[in-house]
There are 2 protein chains.
Amino acid sequence: MRTALGEHALLERLRRLVRNPPPWITLGIGDDAAIVEPDRGTLTAISTDALIEDVHFRRSWTGPGAIGHKALAVALSDLAAMGAAPRASLLSLALPAGFPVEEFDELIQGFAALASSSSAALVGGNIARSPGPLVLDVTVMGSVRRRRWLTRAGARAGDELFVTGSLGAAAAGLAMLESAVDSSALDEPERECIARYERPEPRLRMGLVIARNRAATAAIDLSDGLADGARQIAAASRCGVVIEAGRVPMHPGVGRWAQRSAADPLPLALSGGEDYELLFAVSPRQRRAFEAAAKKGGKPAVTRVGRLSREPGAWLEREGRLEPLGEGFSH
Amino acid sequence: MRTALGEHALLERLRRLVRNPPPWITLGIGDDAAIVEPDRGTLTAISTDALIEDVHFRRSWTGPGAIGHKALAVALSDLAAMGAAPRASLLSLALPAGFPVEEFDELIQGFAALASSSSAALVGGNIARSPGPLVLDVTVMGSVRRRRWLTRAGARAGDELFVTGSLGAAAAGLAMLESAVDSSALDEPERECIARYERPEPRLRMGLVIARNRAATAAIDLSDGLADGARQIAAASRCGVVIEAGRVPMHPGVGRWAQRSAADPLPLALSGGEDYELLFAVSPRQRRAFEAAAKKGGKPAVTRVGRLSREPGAWLEREGRLEPLGEGFSH
């Protein structure tokens with residue numbers, strides 16, 4: 001069934017699909033604006049991100065539930081990188097003509113499930129017609145405590161870089177979808193790569209625990225890959241950066257896929273975007289506190305992948321030699 | 001000159017075009033999220049709105065500066081209707097390939113000028129490529145005081161409806177642009193209609209003053225016209241509504257244009273959207289306080305246009321007779 005439901009009818013549908021707002025939502029969906037009270041005496045972190053059809057996803061590869069999940073995950077990942085606790089989200093949708101109402105429901109359910117599990121209650125948004133692609137614009141807000149938040153700019157030469165989890169999975173998953181490989185021919189770690197591409201998990205707990213313990217000097221989320229994230233921290237902190245090739249934690253599916261497609265796995269891990277892991281800079285004196293806090297941050301574990309240097313530039317150290325670090329991922 | 005500047009270069013350009021953040025912006029543009037502290041002990045109102053090329057505007061009719069202004073004005077109008085004081089804004093842009101860099105600058109300047117004059121500091125956003133139309137998604141946040149905010153739902157039968165300013169100007173202005181009339185053939189009030197369509201002024205001060213004085217039972221902004229706004233207040237407040245045709249304040253340009261184009265001016269004022277005036281419901285006992293507060297709210301003045309009724313439905317009273325009130329404006 002294709003629908004020609006108007007904005008009011010879709011908003012009503014959306015309202016019914018989203019329930020049980022948490023106590024800090026004073027007024028939710030349906031009025032001119034929502035009223036939110038993150039925490040008394042705390043600061044509000046706020047960020048916005050867009051997911052655009054045929055730029056960030058293809059509807060033929062990614063189902064509506066995954067698109068809804070991912071749009072929110074991408075925005076929440078920015079809050080994770082600030083050390084903020086999510087409190088509310090807004091979704092602005094531009095829908096192509098004849099967008100099926102079942103897909104609308106699935107999309108909202110994908111969004112709402114993650115909103116609920118991550119305490120990012122959907123409090124409002126906008127629905128408009130699109131003469132072109134499907135567009136999802138998500139704004140998230142969270143609360144942070146005074147002097148307990150992380151920017152990209154606090155690092156210094158001598159700090160070490162740590163990354164959460166493993167890298168390259170989302171890029172490998174995207175490559176699998178692009179090559180239209182038969183998924184029954186893939187093994188389990190490879191199928192995990194597709195799941196990581198479709199439903200990334202923002203590292204909210206890890207970001208929050210590291211920030212609350214003041215256990216890092218800088219942080220960023222790896223939306224555009226490790227090389228880009230490392231460059232951004234180095235640029236904002238006015239120092240250089242070295243990534244150690246041998247230390248980069250590769251997702252097991254990446255190696256399998258690289259073998260199968262006769263590709264080099266390292267670029268997938270360095271420049272493949274959309275893993276949404278976190279990269280932290282940690283000063284030598286914070287090292288112990290960082291490792292203790294990271295344990296409290298739960299799975300996945302963190303891995304040391306490089307260091308910030310006095311010498312400018314961005315470098316890859318491979319078998320004891322420095323070579324220029326490649327560029328990041330551009331959507 | 002057409003540009004192929006990447007996201008980083010455009011963000012840097014945007015940062016340079018936006019300066020002097022107010023004191024409640026703890027961390028502005030450029031990191032994973034912004035950190036904002038609206039007011040100690042107050043609540044945060046938050047809203048999002050989209051402006052989509054060929055749905056909400058045409059680039060051949062509306063210059064980039066006006067598009068930037070309007071995208072923010074539309075979002076701020078929702079804060080005005082809540083009685084919130086703007087504090088920060090976020091802009092998510094989807095740019096078609098080859099969008100000229102001069103137009104990008106003009107668009108940002110149009111946005112930034114209104115952000116500055118309305119205290120809605122631009123604190124972040126997103127820039128992505130669009131395979132289709134230009135899309136602007138704006139999120140605004142503002143602060144409200146406890147029990148000093150306005151919803152659509154607080155009105156009761158017997159309350160009177162008041163509207164700010166005059167109506168129909170934006171719809172008449174749009175009709176002038178659509179008919180590609182030579183603007184030198186238009187008189188001054190008609191040219192004002194085009195200006196109102198292109199650069200609406202959100203009624204922030206009026207909304208704030210009415211809310212702080214608890215001088216209304218409900219409020220909404222007239223993004224989709226008077227008929228739609230009146231229906232929305234009536235539906236949310238579970239009562240009926242009557243609009244008195246003879247009292248609807250018409251912009252002087254609307255009558256001139258209606259004469260010129262042999263059209264009926266009343267539908268433009270009732271159902272023409274995008275005036276972004278405010279509609280208030282006022283109880284009989286609030287009437288004096290409302291009129292005193294509205295004076296403090298400054299220009300434009302308010303006009304009584306109707307009433308909420310015990311009988312359900314939405315009605316237009318014309319020459320003593322009731323007829324069904326038409327539908328609102330749909331983008």
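Counting only other chain Cβ atoms within 10 Å of each residue's Cβ, the peptide A:134-145 averages 5.
Please compute the Kirkwood hydrodynamic radius of segment B:178-326 from all pairs of different C-alpha atoms, in Å with one decimal. Result for segment B:178-326, one decimal place: 16.5 Å. Remark on B:Gly306: its backbone amide H falls under 5 Å from those of B:Leu161, B:Glu244, a criterion applied only to residues 5 or more positions apart or on other chains, H modelled at 1.01 Å from N.
Computed from phi, the 3J(HN,Hα) profile of segment B:212-224 under the Karplus parametrisation 6.51, -1.76, 1.60 (θ = phi - 60°) reads 5, 8, 6, 9, 9, 9, 7, 7, 8, 9, 8, 5, 10 Hz, with x in place of Gly and Pro. Size of segment A:257-310: Rg and Dmax of its alpha carbons, in Å, are 14.9, 43.
Across the identical copies, the 7 Å label point of A:Asp264, projected outward along Cα→Cβ, sits 7.2 nm from its counterparts, in ascending order. When the accessible areas of A alone and B alone are added and the area of the pair subtracted, with a 1.4 Å probe, the result is around 4400 Å², both sides summed.
Here segment A:4-57 is assigned +1 on the Cβ of each Lys and Arg and -1 on the Cβ of each Asp and Glu. Its dipole about the Cα centre then comes out at about 340 debye. Counting only alpha carbon atoms, the long axis of helix A:169-178 and the longest principal axis of chain A meet at about 60°. If I fit a long axis through the Cα atoms of helix B:64-82 and take the longest principal axis of the Cα atoms of chain B, what angle between them do I get, 0 to 90°, rounded to 10? For B:64-82 against chain B, the angle is about 50 degrees.
The convex hull around the C-alpha trace of segment A:1-92, projected and averaged over every direction, spans 7.8 square nanometres. Remark: chain A carries 40 Å² of accessible area per residue (probe radius 1.4 Å; ligands, DNA and RNA excluded). Considering every alpha-carbon pair of segment B:224-272, the percent of pairs per 5 Å bin, from zero through the bin containing the longest distance, is 5, 21, 25, 21, 14, 8, 5, 2, 0.
Protein heavy-atom surface of segment B:69-145, 1.4 angstrom probe: 47% of the accessible area is carbon and sulfur, with nucleic acids and ligands not counted.
3J(HN,Hα) couplings calculated from phi for segment B:236-252 with the Karplus curve 6.51 cos²θ - 1.76 cosθ + 1.60 (θ = phi - 60°) are, in sequence order, 5, 9, 6, 8, x, 8, 10, 9, 9, 3, x, 9, 5, x, 9, 5, x Hz; Gly and Pro show x. Taking amide H as placed 1.01 Å from N in the peptide plane, B:Met250 has its amide H under 5 Å from the amide H of B:Leu167, each at least 5 places away in sequence or on another chain. Remark: label point of A:Gly246 defined 7 Å out from Cα along the Cα-Cβ vector; separations to the same position in other copies 9.2 nm, ascending.
Listed peptides B:279-291, A:128-140 appear in the order A:128-140, B:279-291 once ranked by packing, highest mean of other Cβ atoms within 10 Å at the front. Here segment A:208-231 and segment B:115-136 have alpha carbon centers that stand 25 Å from each other.
For the rotational copy pair A/B, the chain A residue whose Cβ lies nearest the symmetry axis, together with its distance in Å, is A:Gly132, 1. Show the residues, 5+ positions off or on another chain, whose built amide H is closer than 5 Å to the amide H of A:Arg152. Counting only residues 5 or more places away or on other chains, the set is A:Ala219, B:Asp32. For a test of the definition: using alpha carbon positions, the gyration tensor, and the 1.5 limit on a/c, classify segment B:109-220 as rounded, prolate or oblate. Here segment B:109-220 falls in the oblate category. Against chain A, whose longest principal axis is taken from its Cα atoms, helix A:287-296 shows a tilt of about 30°. Treating each Cα of chain A as an identical point scatterer and ignoring solvent, apply the Debye formula and state log10 I(q)/I(0) at q = 0.08, 0.09, 0.15 Å⁻¹. With one equal scatterer per Cα and no solvent, log10 I(q)/I(0) is -0.38, -0.49, -1.22. Residue-normalised convex hull volume from the C-alpha trace of the protein assembly as shown: 156 Å³ per residue.
For the protein assembly as shown, DSSP calls about 75 percent of its internal beta bridges antiparallel. B:Arg304 label point (Cα plus 7 Å toward Cβ) to equivalent points in the other copies: 7.8 nm, shortest first. The loop-placed chymotrypsin sites (Phe, Trp or Tyr not before Pro) in segment A:1-100, going by DSSP, include none that has at most 13 neighbouring Cβ atoms within 10 Å of its Cβ. Across peptide B:87-98, the average count of Cβ atoms from other chains found within 10 Å of a residue's Cβ is 3. Scaled against 2.2 N^0.38 Å for its residue count N, the alpha carbon radius of gyration of segment B:51-115 is 1.16.
The values are calculated or read from the model by the stated rules, or taken from the named source; none is laboratory data. Just so you know, these numbers come straight off a predicted model, no measurement behind them. Please note: Cβ atoms are built from the backbone with ideal geometry, for glycine as well, and neighbour counts cover all protein chains shown. Side chains included, ligands, DNA and RNA excluded: accessible areas come from the protein's heavy atoms. Shrake-Rupley method; radii C 1.70, N 1.55, O 1.52, S 1.80 Å.
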